[in-house]
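Have a look at the structure below before the remarks.
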Amino acid sequence: MFEITRTEQFSPSTFLWEVRAPEIARAARPGQFVIVHCDEMSERIPLTIADFDAVSGTVTIVIQAAGKSTLDMMAYKAGDRILDIAGPLGEASVIENFGTTVLVGGGLGVAPVYPILRALKLKCCRTISIIGFRSMSLMFWEGRFREYSDETIIVTDDGSYGQQGLVTQPLKRIIMERQIDRVIAIGPLVMMKACAEVTRPLNIKTIISANPIMVDGTGMCGSCRVSIGGEVKFACIDGPDMDGHLVNFDELIIRQKRFHKYEKQSLDLRDAQKSN
Amino acid sequence: MPKKVIKRQASAHLPPETRHTNFTEVVCGYTEAEAITEAGRCLQCKEPLCITGCPVRINIKGFINLISISDYKKAYETISEANLFPSICGRVCPQERQCEAACVLGKKQEPVSIGLLERFVGDTARQNDWHDTHEIKPIGKRAAIIGSGPAGLACAYDLVKAGVSVVVFEALHLPGGVLTYGIPEFRLPKEIVFREIDNLTRLGVTIETNMVIGRIHTIEELMGQLSFDVVFIGTGAGYPMGLGVKGESLNGVMSANEFLTRVNLMHGYDFPRYGTPVGIGKNIAVIGCGNTAIDSARTALRLRPDNVYIVYRKRLEESPARKEELHHAMEEGVQFIWLTEVKEIISDNEGWVSGMDCIRGGETGFFLDVDTVIYALGTLANPIIARTTPKLKVDRAGYIETVAETLMTSIPGVFAGGDITKTPGTFTTVIHAMSTGRRAARGMLKYLNVL
Ligand SMILES: Cc1cc2nc3c(=O)[nH]c(=O)nc-3n(C[C@H](O)[C@H](O)[C@H](O)COP(=O)(O)OP(=O)(O)OC[C@H]3O[C@@H](n4cnc5c(N)ncnc54)[C@H](O)[C@@H]3O)c2cc1C
Ligand SMILES: Cc1cc2nc3c(=O)[nH]c(=O)nc-3n(C[C@H](O)[C@H](O)[C@H](O)COP(=O)(O)OP(=O)(O)OC[C@H]3O[C@@H](n4cnc5c(N)ncnc54)[C@H](O)[C@@H]3O)c2cc1C
Ligand code: SF4
Ligand code: SF4
Ligand code: FES
């Protein structure tokens, strides 16, 4: 059993967990993820490691309540325990002094970008962050981003904070104006796809984090297959970081719908149990 | 006067007509009377060839004799000398190619039903709560075992008995490897797997789940900071091989490993009570005809679709699956399509499977109306350990290279066995994995200078 040492609600549907898992905290690197299995009955859910602290022995995950499992997770409080957490999984992000790097985080994707940003800054990269939210009420970690970014640009869909618009707009502008050596984009698939399209004409290396549906996270089931330049890769062992210009996003977007019918069924059952 | 020939005793089975409605074990196993009758068929040969057919060399003749005098406890102890999992091997060994193939009685009539007898002994031990009671004298050495499949557990068993302190690291949240996530309940109830594993933990073996070695600790760290004296790699070969045809990434196509894991490990058959869905449709094609394919087809059948097909590019006689399971699959209504290859999986407008183009006998093309394709074409070495252990020598396909006798790898003190090592000319089976685990344990004890 693993103890949740702290929770924080960022908005009605997004929240943070700090989980006591000293061995994972010690081994974790930016870009890696964990698989959480809350109890006997629940699914195994992949979640990116948003922060880790070997000294306190905790890992931080930021979660968006998207369906049954993640909604259930929102009910946990500090001191509660979960049955299993496995990690760190996946290959760590490549951290080098790339020169000027633009880090793009969309919505919940802002959380997994953070440890990469911090590590790049410690390698003396010049860092420009673009973080986007639907609205100011959903925003989190502005301070953390400002601390490690040479420039921080915040956009909101509705203009309630920062610039109004999508993350691709400032990204387009920046890569036109200056020499950019690398772009790292994490967020919804459509956003990552759009970022890769923006950088493709200038051939700027663009790394995205693939988030296909997973089961084991150890390379055993193939659920997480992604087509990269026509080759099959497993996101849980070859990724999740992938070359955004080679990812077949359309296939990935379709594959995320594999269980839509059942996700709805799960939610309906949850609602029925709630109202009882 | 010629001796009256007693026929090989059959075990009771669930009736084929209702099997698809549940996951209850199909083969009921012997009653005590049946076991004693069957044991009585054994000739107690001077040269018991049966033993040479068993990869772990169980004293088959001996334990069968003990059954015939109703001393089941001694029979259990006899088997335990060589095999810690009688209830498992009795159920899943391909006996027709191993012990029973070698049985002398088999030359004139049907061989002794060694598997069912072994299972009877294992199950009797379980019912009576008999345990391995080896006295353990700690020798102050520590072993790390990576992977809790049959190879790792067999290795752990021999090491712990020799007084080594053993920690098993398992990537998944439950131990057992394929026994837990792969082989279905109706063939091998999980309660039996966990009870047999419980025997090991009683002897003092620690099993740490959720530990993906290579990620959380490297092998170098295990031998260094974590001060293990020896390491055994028994990570299996779980990486599913793809179909390599157009349409294989469509929704509705999945590997047998994914399908079986969703059903067995995650209890997907009980969705939505359990959170993990299985996601199969009404007309299911399973590609391949090994144990994994047969297990997938029979599992799919129990989720109540309209049709389950096995599409195999060879003939029935060439299937590597256990004979009994092929027979069960046919009885249950799995439809076999022989000598047929998949050409392409066809998509509907939204990226879901809407059928399959096949070729029979290399020439006749036909369309198979399916909405789900499960591929069971075999598996390859999982690359995590090799990638994170630069000094470890692996062959081109990623299998770990070992010295034949001791099973030591290219790193001193690090051994490997089971499906992650390849032995030419042998089938990858549970008992073969266990025999290599035991051989490695001997190699490890020698390396530690305690043998
Ligand atoms: C490597 C990796 C890292 C991830 N990191 C995070 C993270 O840090 N924080 C976080 O909140 N989520 C993350 N996810 C996504 C998270 O795993 C899913 O949101 C979760 O499994 C949904 O479970 P559910 O039962 O609550 O929702 P479901 O009912 O299963 O799904 C609800 C909705 O989410 C979509 N969805 C399902 N699975 C995924 C998925 N794997 N990725 C994206 N969308 C999905 C579905 O299409 C559906 O629309 C990550 C996924 C991967 C593969
Ligand atoms: C569906 C199916 C049916 C089968 N039916 C039969 C049968 O009827 N009879 C028979 O004899 N054989 C059968 N087999 C074959 C048999 O199960 C295997 O040969 C045997 O299980 C191999 O044992 P193993 O210990 O080498 O590996 P596995 O059983 O594969 O176990 C390996 C374990 O290592 C873990 N692991 C992997 N990587 C790591 C890591 N980096 N860190 C920690 N842990 C890790 C895995 O999670 C797994 O639990 C079947 C196989 C399948 C898939
Ligand atoms: S372990 Fe397998 S091969 Fe050996 S006697 Fe038992 S059933 Fe036969
Ligand atoms: S070979 Fe057959 S008959 Fe002879 S001892 Fe072995 S099981 Fe009995
Ligand atoms: S999640 Fe199963 S192979 Fe990646």
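Readers should treat all values here as calculations from the given coordinates under stated rules, not as data from a laboratory. Model, not experiment: these values are computed from the prediction. Neighbour counts run over all protein chains shown; Cβ positions are idealised from the backbone, glycine included.
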The ratio Rg/Rh over the Cα atoms of the protein assembly as shown, Rh being the Kirkwood inverse mean 1/r radius, stands at 1.00
Taking a crude spin-label model, label points 7 Å out from Cα along the C-beta direction, the A:Ser160 to A:Ser11 distance in nm is 0.7
Segment B:250-280 and segment A:235-276 have their Cα centres apart by a whole-number Å value of 14
Nearest 10, in degrees from 0 to 90: the angle of helix A:110-122 to the longest Cα principal axis of chain A is 50
Any DSSP H helix in chain B with Cα axial reach of 24 Å or more and mean Kyte-Doolittle score of at least 0.5? Listed by number, the hits are none
Ranking B:Asn22, B:Ala171, A:Trp17 by how far each Cα lies towards the positive end of the charge dipole of the protein assembly as shown (+1 on Lys and Arg Cβ, -1 on Asp and Glu Cβ), the top one is B:Ala171
Inter-part gap, Cα centre of segment B:291-319 to Cα centre of segment A:105-121, in whole angstrom, is 46
In this structure, among A:Lys274/B:Lys282; B:Lys46/B:Lys107; A:Lys193/A:Lys264, pairs with alpha-carbon gaps over 20 Å are A:Lys274/B:Lys282; A:Lys193/A:Lys264
Label model pair B:Phe366, B:Thr24: point-to-point distance (7 angstrom along the Cα→beta-carbon line) in nm is 3.6
If every Lys and Arg gets +1 and every Asp and Glu gets -1 at its Cβ, then about the Cα centre segment A:212-276 yields a dipole, in debye to the nearest 20, of 380
Taking every residue of A:218-231, the Cβ atoms of other protein chains inside 10 Å of its Cβ average out to 6
A:Asn97 and A:Asp250 label points (each 7 Å along its Cα→Cβ direction) are spaced in nm at 4.2
Computed for chain B: size of charge dipole around the Cα centre, +1 on C-beta of each Lys and Arg, -1 on C-beta of each Asp and Glu, debye to nearest 20, value 1240
Once the dipole of the protein assembly as shown is set up from charges on Cβ (+1 Lys and Arg, -1 Asp and Glu), the residue from the list B:Val104, B:Ala441, B:Ser410 lying farthest towards its positive end is B:Val104
Measuring from its Cα centre, the protein assembly as shown shows a charge dipole (+1 at each Lys and Arg Cβ, -1 at each Asp and Glu Cβ) which, in debye to the nearest 20, is 1160
Rounded to the nearest 500, the 222 nm mean residue ellipticity computed for chain B from DSSP H runs (n ≥ 4, each -39500 (n - 2.57)) alone is -9000 deg cm²/dmol
Listed by chain and number, the lysines with an alpha carbon less than 16 angstrom from that of B:Lys446, same-chain partners under 8 positions apart left out, are B:Lys141, B:Lys161
At the level of C-alpha centres, the distance separating segment B:322-372 and segment B:67-115, in angstrom, is 36
Computed over chain A: longest principal axis from alpha-carbon atoms vs helix A:168-177 long axis, angle to nearest 10 degrees, is 30
Partner lysines whose C-alpha sits under 24 Å from that of A:Lys123, ignoring same-chain residues fewer than 8 away, are A:Lys205
With -39,500 (n - 2.57) per DSSP H segment of 4 or more residues and division by the full residue count of chain A, the 222 nm estimate, nearest 500 deg cm²/dmol, is -8000 deg cm²/dmol
Counting only backbone N atoms under 18 Å from a point 7 Å out along Cα-to-Cβ of B:Lys108, the residues of segment B:62-97 in range are none
Taking a ≥ b ≥ c as the square roots of the Cα gyration tensor eigenvalues, with a/c under 1.5 meaning rounded and otherwise prolate when a/b beats b/c or oblate if not, segment B:252-395 comes out rounded
For A:Lys257, counting only lysines whose alpha-carbon sits under 16 Å away and dropping same-chain residues fewer than eight positions off, the answer is A:Lys68
